[in-house]
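S.K.: Structure below; questions to follow.
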Amino acid sequence: MTDKEYIKFSHHIKAAIITNRVGDDEKQTIKLYLKPYKTEQKRCPICGKKCSGYDSKAKERSWRAPDLNGYKVLFISSSNRIECPEHGVITQRVPWAEHKSRFTKTFEAEVAHAAL
Ligand SMILES: [Zn+2]
């Protein structure tokens, strides 16, 4: 298993590829640059429909993911807005997080579990 495969596995990254990985030993942070599979791009976060793009420039967004070996993990991806015929101009869906959440699904699951 390669590093990337291990990270994909341990963080349950599905339907996305890791395009880059930047580690910062001083800040103890790992940034993972993700790109959803083509079939997952430009999807409405509410109805899941494939929509047309709205922004021409991609804005970078980050999501907090569970730590890895004591390092803070951030998922970074461009989050373009799309135009859904039903829901209007909205930020496209990403496979690893809920709509509007700043945390990944696995991070939220971990926090929810710890709170029990
Ligand atoms: Zn929609």
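S.K.: Cβ under 14 Å from residue 7's Cβ, residue 7 left aside: what net charge do those residues give with Lys, Arg +1 and Asp, Glu -1? Walk me through the intermediate numbers first.
M.R.: Details: positive: 4, 8, 14, 21, 31, 72; negative: 3, 5, 67.
Every neighbour counted, the sum reads +3.
S.K.: Here's something else I'd like to know. Which value in deg cm²/dmol, rounded to the nearest 500, describes the helix-derived mean residue ellipticity at 222 nm for the chain, given -39,500 (n - 2.57) per DSSP H run of n ≥ 4 and division by the residue count?
M.R.: Values: 2 runs with 18 residues, N = 116.
Mean residue ellipticity at 222 nm (helix-derived): -4500 deg cm²/dmol.
S.K.: What net charge do the residues around residue 53 carry, taking every other residue with its C-beta under 12 Å from that of residue 53, with Lys and Arg at +1 and Asp and Glu at -1? Don't jump to the answer; show the numbers that get you there.
M.R.: Working: positive: 42, 43, 50, 57, 81; negative: 55, 83.
Summing Lys and Arg as +1 and Asp and Glu as -1 gives +3.
S.K.: Further question on the same structure: Just want to confirm a number: the relative contact order over segment 3-114, from Cα pairs under 8 angstrom separated by 6+ residues, in percent. Before the final figure, lay out each step's value.
M.R.: Details: 212 pairs, mean separation 28.7, N = 112.
Once normalised by length, the contact order is 26 percent.
S.K.: Okay, next question. Report the extension gain between residue 83 and residue 4 in nm, rounded to one decimal, defined as 0.36 nm multiplied by the number of residues separating them, less their alpha carbon distance. Don't skip to the end; give the middle numbers.
M.R.: Values: separation 79, 0.36 × 79 = 28.44 nm, distance 3.26 nm.
The residue 83-residue 4 span can extend by a further 25.2 nm.
S.K.: Hey, another quick one. Give the Cα extents of segment 69-113 along the principal axes, in whole Å, largest first.
M.R.: In descending order, the Cα extents are 43, 22, 13 Å.
S.K.: Based on C-alpha coordinates, I'd like the Rg and Dmax of the chain, in Å.
M.R.: Computed over the Cα atoms of the chain, radius of gyration and Dmax are 14.8, 46 Å.
S.K.: Could I ask something else about it? Stretched out fully, how many nm does the piece from residue 19 to residue 60 gain, at 0.36 nm a residue minus the Cα gap?
M.R.: On the way: separation 41, 0.36 × 41 = 14.76 nm, distance 1.38 nm.
Stretched fully, the residue 19-residue 60 segment lengthens by 13.4 nm.
Coordinate-derived values only; no laboratory data. These figures come from a predicted structure and were not determined experimentally. Virtual Cβ from ideal backbone geometry, glycine too; neighbours counted across all protein chains shown.
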